[in-house]
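Some notes on the structure that comes next.
The values are calculated or read from the model by the stated rules, or taken from the named source; none is laboratory data. Values in this document were obtained by computation on a predicted structure and should not be read as measured data. A quick note on method: Cβ atoms are made from the backbone with ideal geometry, for glycine too, and the neighbour counts reach across all protein chains shown.
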Amino acid sequence: MRMNRLALRVSVLGGSAACALLIAACVPTRPVPSPVEFVIVRHAEKGNDDPRDPQLTAAGLARAQRLAASLASAPLAAVYATSYRRTRQTATPSAAGHALAVTTYDAKQDAGEFAAALRQRHASGTVLVVGHSNTVPAIAAALCACAVAPIGDDEYDRRLRVRFDGRGSATLSDARMP
């Protein structure tokens with residue numbers, strides 16, 4: 001009789017454990033967000049054809065093509081540029097390579113507000129943002145909540161990347177692009 005009780009207890013405990021595992025497997029879990037990366041660059045080399053809204057130089061157009069080539073295999077989800085010709089011309093090859101439109105944003109918009117809108121709109125993929133020497137560092141800093149060095153008026157080759165992992169932690173990388 002004692003063995004039967006022991007066997008019954010083991011059977012009941014084993015069944016309870018199996019039920020607990022089955023219930024745990026059925027409870028919905030919160031999905032882990034996919035990583036998202038923001039690539040923030042200044043427009044490429046500008047000409048002097050129009051003091052208010054110059055076009056890119058031949059060197060600038062070539063740099064825009066190199067930027068697009070460097071993003072060719074990225075899961076580009078969106079491309080943003082200000083309304084100036086130099087930013088749109090920098091962004092267009094990357095957007096065209098992924099069959100995306102260039103979304104215009106206001107260069108005078110507060111960097112924190114713009115960064116918050118970007119984070120809200122994009123939960124995964126790669127997002128290219130083309131701005132100006134006086135806006136790019138602030139946008140990157142607002143995204144990563146970190147310090148970002150200023151961009152000089154003669155610098156056209158800085159590429160700032162703010163990557164958010166699945167937990168929402170931001171990492172900034174600052175590199176030179178070809």
> Counting only residues that are aliphatic (A, V, I, L, M) and closer than 21 Å to residue 104 by Cβ, how many does the stretch 37-73 have?
Replying inline: 10
>> Being assigned to a strand (DSSP E or B), in the same structural domain as residue 90 (by TED's automatic domain parsing), β-branched (Val, Ile, Thr) and modelled with pLDDT of 95 or more is true for just one of 148, 127. Which residue is that?
In response: 127
> If you take the residues of the stretch 154-176 that are of a type in the set (Gly, Ala, Ser) and part of a loop (DSSP other than H, G, I, E, B), which of them is modelled with the highest pLDDT?
Replying inline: 169
>> Looking only at the stretch 35-63, filter to residues that are surrounded by 19 or more Cβ atoms within 10 Å (Cβ to Cβ) and charged (D, E, K, R); which one of those is farthest from residue 138 (Cα to Cα)?
In response: 63
> List the pairs whose first member sits in the stretch 86-103 and is over 15 Å from residue 59 (Cα atoms), whose second member is part of a loop (DSSP other than H, G, I, E, B) and modelled with pLDDT under 95, and whose Cβ atoms are under 8 Å apart, counting only residues at least 6 apart or on separate chains?
Replying inline: none
> Only one of (1) in contact with a Lys or Arg (Cβ under 9 Å, 6 or more places away or on another chain); (2) over 24 Å from residue 68 (Cβ atoms); (3) among the small types (Gly, Ala, Ser) fails for residue 131. Which number is that?
Replying inline: (2)
>> Among the numbered criteria (1) among the charged types (D, E, K, R); (2) farther than 18 Å from residue 132 by Cα; (3) modelled with pLDDT of 95 or more, which one does residue 45 miss?
In response: (2)
> If only one of 86, 66 is surrounded by fewer than 20 Cβ atoms within 10 Å (Cβ to Cβ) and either farther than 24 Å from residue 164 by Cα or modelled with pLDDT under 95 (or both), which one is it?
Replying inline: 66
>> Give all pairs with beta carbons closer than 8 Å in which a residue from the stretch 151-178 that is among the hydrophobic types (A, V, I, L, M, F, W, C) meets a residue that is modelled with pLDDT under 95 and surrounded by 14 or more Cβ atoms within 10 Å (Cβ to Cβ); count only pairs at least 6 apart in sequence or on separate chains.
In response: 164/35
> What number of residues within the stretch 48-68 are over 16 Å from residue 129 (Cα atoms) and within 24 Å of the chain's Cα centre (by Cα)?
Replying inline: 3
